[in-house]
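What follows is one structure encoded as structure tokens, with my remarks underneath.
The values are calculated or read from the model by the stated rules, or taken from the named source; none is laboratory data. Everything quoted here is computed from the prediction, not taken from an experiment. Please note: Cβ atoms are built from the backbone with ideal geometry, for glycine as well, and neighbour counts cover all protein chains shown. Remember, those area values only see protein heavy atoms, side chains included, never the ligands or the DNA or RNA. Shrake-Rupley method; radii C 1.70, N 1.55, O 1.52, S 1.80 Å.
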Amino acid sequence: MSDFKEDILKGRVALITGGGTGIGKEIGRTLGRHGAKIAITSRKQENLDAACAEFEKEGIECFAMTSDVRDPEAVEQVIAATLEKFGRLDIVINNAAGMFPAPIEKMSYNAFKTIVDIDLLGSYNVTKAAYTAYLKEHGGCIVNITAPFEHWGVSSMAHVAAAKTGLMSLTRSCAVEWAPLGIRVNSVAPGFIAETEGVDRFSEKAADEMDKALKGSKQDIANTVLFLVSDSARFISGMDIRVDGGATIDLLRMPVV
Ligand code: NAP
């Protein structure tokens, strides 16, 4: 749960990519608990159905539609369908991402490209489609989920680090271009978040190392997103907020993957 008032997003509509699982699902639930209507999209219908059923049990209005964020036309269709269903789109959360740790020498050309395609180009596709279909006329908020790798060389994460650092840069460019239109664009960089696919995919050795580091919860990330899309953050744009308990500024605590 968050400490914010229940109705701070009343009447607003939020689209969350990758909203059927993990951090994205927690973001959807949290924004929904604070009054937003929720649209979620990802590739697997079963992920979306399960999340929607959970949300609806809590009284959160939810719309789900499959898409691959790498496909601009599919993304445009999701945004059009969300607008048809709810009549507006105030908040876009680019959370969909791929993840598999791999050292560069073992990573295929295609593996690197796939992560850039999903995390960076996919987020661009959703951002551009939402801007064109609704945000440029009405304003709104975009939050990109990144990772805290922009200043470090992180072993086995070259693909993710490159894609997410690009996404931070896209965040700033959109924030600057669209500030006059009332569109705020920020990003949130989670540290190691317990009980997520992202962390589960590390090796056992890395997981042991990680236990020594600080681990956050999905709710920690959702609460940060909630603040950023709320009116309390009305003058914050173009920022990347690292939510990692300080782990990345303590070199001794960073696990070796
Ligand atoms: P997750 O549960 O695997 O979330 C990724 C989501 O993206 C899934 O719902 C997946 O659903 C969707 N997705 C993947 N490829 C897609 C595509 N091509 N098109 C549309 N949707 C796609 O992992 P998570 O750990 O919660 O991660 C959520 C976000 O947090 C990611 O951006 C990740 O990089 C970031 N992050 C996580 C951590 C962590 O500790 N977990 C740390 C730093 C950053 P489908 O399979 O149904 O498509």
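Per-residue Karplus couplings for region 178-188, computed as 6.51 cos²θ - 1.76 cosθ + 1.60 with θ equal to phi - 60°, are listed in order as 9, 3, x, 9, x, 10, 9, 10, 9, 9, 10 Hz, Gly and Pro entered as x.
Counting every pair of alpha carbons in the chain, the share spaced more than 25 Å apart comes to 39 percent.
Only protein atoms count toward the accessible area here, which uses a 1.4 Å probe; on the chain, the carbon and sulfur part of that area reaches 52 percent.
Using a cut-off of 27 Å between Cα atoms, the listed pairs 37/218; 37/113; 10/164; 44/205 include 37/113; 10/164; 44/205 as exceeding that distance. Give me the net charge for the shell around residue 161: Cβ to Cβ below 13 angstrom, other residues only, Lys and Arg +1, Asp and Glu -1. Cβ neighbours under 13 Å give a net charge of -1.
For the chain, the 222 nm mean residue ellipticity estimated from helices alone, with every DSSP H stretch of n ≥ 4 adding -39500 (n - 2.57) and the total spread over all residues, rounds to -12000 deg cm²/dmol. Partner lysines whose Cα lies under 16 Å from the Cα of residue 128, excluding those fewer than 8 positions away in the same chain, are identified as 136. Look at the alpha carbon pairs under 8 Å that are at least 6 residues apart: their mean separation over the length of the chain gives a relative contact order of 19 percent. Which whole-number percent of Cα pairs in region 24-136 have a distance greater than 22 Å? Value for region 24-136 (Cα pairs over 22 Å): 36 percent. Note that region 113-257 presents 45 Å² accessible area per residue, ligands and nucleic acids not counted, probe 1.4 Å.
Compared with the dominant principal axis of the Cα atoms in the chain, helix 72-86 is inclined by about 40°.
For the chain, the longest principal axis of the alpha carbon atoms and the long axis of helix 45-57 meet at an angle near 60°. The angle between the Cα long axis of helix 218-229 and the main principal axis of the chain comes to about 50°, on a 0 to 90 degree scale. Across region 134-257, the mean sequence separation of Cα contacts (distance under 8 Å, 6 or more residues apart), normalised by length, yields a relative contact order of 33 percent. Note on residue 215: aspartates and glutamates with a C-alpha under 20 Å away, same-chain residues under 8 apart excluded, are 26, 150, 195, 197, 200, 204, 240, 244, 250.
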